[in-house]
Amino acid sequence: MLAALKESEAAPSIPADCIRRLLTNLRLAKMPRVPSVRSLRKPVARAYQNLCIAGLLDPDEFGRCTLTSRGRRVLDDHPMGVDESVLEQFPEYLRYTQSYSPEPVTAEEPVHIVEPKAEYFEGLWAFHAGEALADNPYSADSVAHFEWKNGWSVASGS
């Protein structure tokens, strides 16, 4: 999450930018190579999604994220790293995580807004990274495939 925040600090970014930053950081630290860059896609997309939900990043209509003033404060307060425990201080993120609780919703409780799934953002960012619609990594008969395709299609304008 820290890499995503730092990548979005100077200019709008997408997960592919963050992955490049992570790979560069690993190379500069002389760490072993990541066995598969593809293995980074989902966790980085999830990090972007969580940071957007917490209000630390602000995505534009094309899925490029910029650092918000809240994100700037978090970067200043947590220069060594950001995790879910930091995000939990923000009510938007808490509402999002609690929306998955198995407790039944009663009439007095507010209606929960359904956030797009991580795969939607992956598809959105995949288009901006130059990937084709055929590069959808999910099984064609899965919800994840449909979400990824929707994100890619929105980004492409089709």
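Only residues that are part of a loop (DSSP other than H, G, I, E, B), touching a helix residue (DSSP H, G or I) at 6+ places or on another chain (Cβ under 9 Å) and within 17 Å of residue 121 (Cα to Cα) were counted in region 1-30, giving 2. Taking region 54-90 as the range and being part of a loop (DSSP other than H, G, I, E, B), among the small types (Gly, Ala, Ser) and either modelled with pLDDT of 90 or more or surrounded by fewer than 19 Cβ atoms within 10 Å (Cβ to Cβ) (or both) as the test, the residues that pass are 54, 55, 81. Only one entry in 51, 22, 40 is in contact (Cβ under 8 Å) with a residue 24 or more places away in the chain and crowded, with 16+ Cβ neighbours inside 10 Å, namely 51. Residue 111 satisfies every condition listed in (1) more than 22 Å from residue 11 (Cβ to Cβ); (2) at pLDDT 85 or above except (2).
The values are calculated or read from the model by the stated rules, or taken from the named source; none is laboratory data. These numbers come from a predicted model, not from an experiment. Counting neighbours? That spans all protein chains shown, and the Cβs are built from the backbone with ideal geometry, glycine included.
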